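The values are calculated or read from the model by the stated rules, or taken from the named source; none is laboratory data. Quick caveat: nothing in here was measured; it's all calculated off a predicted structure. We place every Cβ from the backbone using ideal geometry, glycine too, and count neighbours over all the protein chains shown. When the accessible area is computed, the model is the full protein with side chains, heavy atoms only, and any ligands, DNA or RNA have been set aside. Shrake-Rupley method; radii C 1.70, N 1.55, O 1.52, S 1.80 Å.
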Amino acid sequence: MMTTKPRLVADRSLPYLQGLLDSVADLVYLPSEEITRERLIREQAEGLLIRSVTHCNKELLEGTAVRAIATATAGFDHIDAHYCAQQKIHWSNSPGCNARSVAHWVMGVLADRALRLKRPLRQETLAIVGVGNVGKNVQQMAETLGMKVLCVDPLRAEQEGTDKFCTLHEAVQKASIITFHTPLTRSGAHPTYHLLNKELLQRCHQKPLIINAARGAIADSDALLSALAKGLIEDVYLDCWEGEPHIRLDLLAQARRATPHIAGFSADGKARGTRMVAERIIEFFQLNSEQIPFHSLTLPSPNEATIDLHDREYLRMEYLLAHTMRGLPLIEKKLRRSPEQFESLRVHYDYPREAPAYHVIGIHEEEIEPLCQLGYLVVNESKIF
């Protein structure tokens, strides 16, 4: 266990972090744009706690004292793993920290669509492309709501067998909705860069809704615009964009739903990510975990935490999911009005709470089990489930 405190630089916008590690480490909190090579050298930083906007490569790290990097994100394409290995810099990500949040975003926008179309989700066939941490959460929620789900994940299919999976080309021929949840890769047996391209879109037989809440460059922006213009697809719902934060204004104008890469942003997910980076730093520097006030990670209660379904006759589950994501229209309006503020909108986003923060009343007996599976606190005849 270390007897001297390690010197750490942390992104100031990491929620719930300030004060958490201060008893065991010397921390400097900086805005992400001030995390530069020169500043790291000046601060003699040994460790970094970051978000995805900080690119950890030779340009940032050469000549610094950094020995450990922890990112509060599931994705890690902003970390040059090869360079870090060469320099013996340990790095870690936070897999699964935001998986439920992304799933809530996907199901929330789909629930809003269901209310608009007056068509229950159970009538839809959903293709999930990439069934890792996020995709599995989307699958669980979708199946709980009675949707038919097609899973596309060639890596898992190779390891587990093909019985539970189908190919991408098979899925796009059958699906009314296609949602992408893969990492962004440009090499290997199954690269995902521009996986959603002109050829694939031409194979979409059901004129599906396309959702990208993974990485922007998974989708070819020109191909999406062409498919929309030709009527090959119903709509595009985008949370991730090519070229972030400098996004395509023509695609923004055509996307029916548009958010600034905040699908993974919930108060619950942020708290999980912050706890995970703290634990990684504690482990690497062999700090005394007993001094860490993890109990201080208390989250704000949502407005209207009680959801009453007494007066809802139809699409009750859809109403519930849409209600818990009711803040999305505001962030969408801000993005359309000021797309140049993409990163600022992310930093200042008012994080929603996930299902466990809400309790539901006015439910039917047969709804108890699915509501519990979705994570909601269920109150029925004075019983809490």
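What does the charge dipole of the stretch 97-200 about its Cα centre add up to, to the nearest 20 debye, if the Cβ of each Lys and Arg holds +1 and the Cβ of each Asp and Glu holds -1?
On the way: 13 positive and 9 negative charges, 92 e Å.
Using Cβ point charges on Lys, Arg, Asp and Glu, the stretch 97-200 gives about 440 debye.
Rolling a 1.4 Å sphere over the protein heavy atoms, what is the accessible area per residue of the stretch 1-144, to the nearest Å²? It would help to have the intermediate numbers written out before the result.
Numbers: 6040 Å² over 144 residues.
Per residue, the stretch 1-144 has an accessible area of 42 Å².
At 1.4 Å probe size, with the rest of the protein present, what percent of the exposed accessible area of the stretch 236-311 is carbon and sulfur atoms? List each step's numbers first, then the result.
Numbers: 1600 of 3550 Å².
The value for the stretch 236-311 is 45 percent carbon and sulfur by accessible area.
Would you list which aspartates and glutamates come within 20 Å of K334, measuring only between C-alpha atoms, while excluding same-chain residues fewer than 8 positions from it?
Counting by Cα, and skipping residues close in sequence, K334 has these aspartates and glutamates nearby: D112, D239, E242, E244, D250, E343, D350.
Counting other Cβ atoms within 10 Å of each Cβ, which chymotrypsin sites (Phe, Trp or Tyr not before Pro) in the stretch 301-366 have at most 16 and sit in a DSSP loop?
Values: sites: Y314, Y319, F342, Y349, Y358; in loops: Y314, Y349, Y358.
Taking the stretch 301-366 and a limit of 16 other Cβ atoms within 10 Å, the loop chymotrypsin sites (Phe, Trp or Tyr not before Pro) found are Y314.
Relative to the compact-globule scaling 2.2 N^0.38 Å, provide the ratio for the alpha-carbon radius of gyration of the chain.
Normalised Cα radius of gyration, the chain: 1.03.
Find which of V138, A255, L121 sits farthest along the positive direction of the dipole of the chain, computed with +1 on the beta-carbon of Lys and Arg, -1 on that of Asp and Glu, about the Cα centre.
Toward the positive end, the furthest listed residue is A255.
If I compute solvent accessible area with a 1.4 Å probe over the protein chains, what percent of it on the stretch 1-121 is carbon and sulfur?
Details: 2430 of 5200 Å².
Carbon with sulfur: 47 percent of the solvent-accessible area.
What does the charge add up to near F285, with Lys and Arg as +1, Asp and Glu as -1, over the other residues with Cβ less than 13 Å from its Cβ?
Numbers: positive: K5, R7, R67, R280; negative: D26, E46, E279, E283.
Its environment carries a net charge of 0.
To the nearest 20 debye, what is the magnitude of the charge dipole of the chain about its Cα centre, counting +1 on the Cβ of each Lys and Arg and -1 on the Cβ of each Asp and Glu? Can you show the working numbers first?
Working: 44 positive and 48 negative charges, 108 e Å.
In total the dipole reaches around 520 debye.
Ignoring ligands, DNA and RNA, what percent of the accessible area of the stretch 138-216 is carbon or sulfur (1.4 Å)? The partial results should precede the final answer.
Details: 1880 of 3980 Å².
About 47 percent, which is the carbon plus sulfur part of the accessible surface.
Give me the accessible area per residue for the stretch 157-223, probe 1.4 Å, as a whole number in Å².
Working: 3410 Å² over 67 residues.
For the stretch 157-223, the per-residue accessible area is 51 Å².
Name the residue from G108, I79, G96 whose Cα lies farthest towards the positive end of the charge dipole of the stretch 55-147, charges +1 on Cβ of Lys and Arg and -1 on Cβ of Asp and Glu.
The Cα lying farthest towards the positive end belongs to G108.
If only Cα atoms are counted, what is the Rg of the stretch 52-197, and what is its Dmax, in Å?
When restricted to the Cα atoms of the stretch 52-197, Rg and Dmax are 18.3, 59 Å.
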